[in-house]
Amino acid sequence: MVAKDLLDILCCPETKQEISLVEGEVIDRINKKIKEGALKNRGGEILKEPIDSGLLREDRKFIYPIREDIPIMLIDEAIPFEEFDKP
C-alpha cells in the first residue's frame, strides 16, 4: 500500500492535476485486458505485467500504475482510462 502522506503530495507529472487511488474491480478489468495482451500504455507499448492499483488523474483520462507499492509516474507509462470509466 502506498503511504497516505506520499499520495497527498503526488500529482500528475504532465498536468499537475490531483490524483486519486483506484483499487478493486476497475483494476481487475485493467488486469484482464493486460492478460489478454490488449492494452497499451500512452507510449504505445503493450502492457505485459498486471498492476496492483493505480493513481487516476482528476480529469479521468489516464491512470498511473502502481506495482509493488511503487507508483510509476512517467507520462508514457500512463494507461488510457476512458474504456474503464464505465461499469
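The values are calculated or read from the model by the stated rules, or taken from the named source; none is laboratory data. The model shown is predicted, which means the values in this text are computed figures rather than measured ones. Cβ sites come from the backbone with ideal geometry, for glycine too, and all protein chains shown count toward neighbours. Keep in mind that these areas ignore ligands, DNA and RNA; they rest on the heavy atoms of the full protein, side chains included. Shrake-Rupley method; radii C 1.70, N 1.55, O 1.52, S 1.80 Å.
Structure data summary
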{"read-out": "Where a residue in segment 43-56 is in contact (Cβ under 8 Å) with a residue 40 or more places away in the chain and its partner, wherever it lies, is open to solvent by less than 50 Å² (accessible area, probe 1.4 Å) and not in a strand (DSSP E or B), with Cβ under 7 Å and at least six apart", "value": "Ser53/Ile27; Leu55/Leu10"}
{"read-out": "Pair list, Cβ < 9 Å and 6+ apart or interchain, from segment 75-87 residues that are of a type in the set (Phe, Trp, Tyr) to residues that are open to solvent by less than 50 Å² (accessible area, probe 1.4 Å) and not in a helix (DSSP H, G or I)", "value": "Phe81/Val22; Phe81/Gly54; Phe81/Leu56; Phe81/Arg57; Phe81/Phe62; Phe81/Ile63; Phe84/Val22; Phe84/Ile63"}
{"read-out": "Hey, Leu39 in contact (Cβ under 8 Å) with a residue 40 or more places away in the chain and closer than 18 Å to Pro80 by Cβ or not", "value": "yes"}
{"read-out": "Residues of segment 22-32 classified as surrounded by 15 or more Cβ atoms within 10 Å (Cβ to Cβ) and touching a strand residue (DSSP E or B) at 6+ places or on another chain (Cβ under 9 Å), total", "value": "4"}
{"read-out": "Lys4 being open to solvent by 100 Å² or more (accessible area, probe 1.4 Å) and within 13 Å of the chain's Cα centre (by Cα)", "value": "no"}
{"read-out": "Cβ-Cβ under 8 Å pairs, at least 6 apart or on other chains, segment 1-27 side under 15 Å from Ile79 (Cβ atoms), far side part of a helix (DSSP H, G or I)", "value": "Pro13/Ile75; Glu14/Ile75; Ile19/Leu7; Leu21/Leu7; Val26/Phe84"}
{"read-out": "Residue in segment 44-67 that is part of a helix (DSSP H, G or I), open to solvent by less than 60 Å² (accessible area, probe 1.4 Å), of a type outside the set (Val, Ile, Thr) and touching a Leu at 6+ places or on another chain (Cβ under 8 Å) present", "value": "no"}
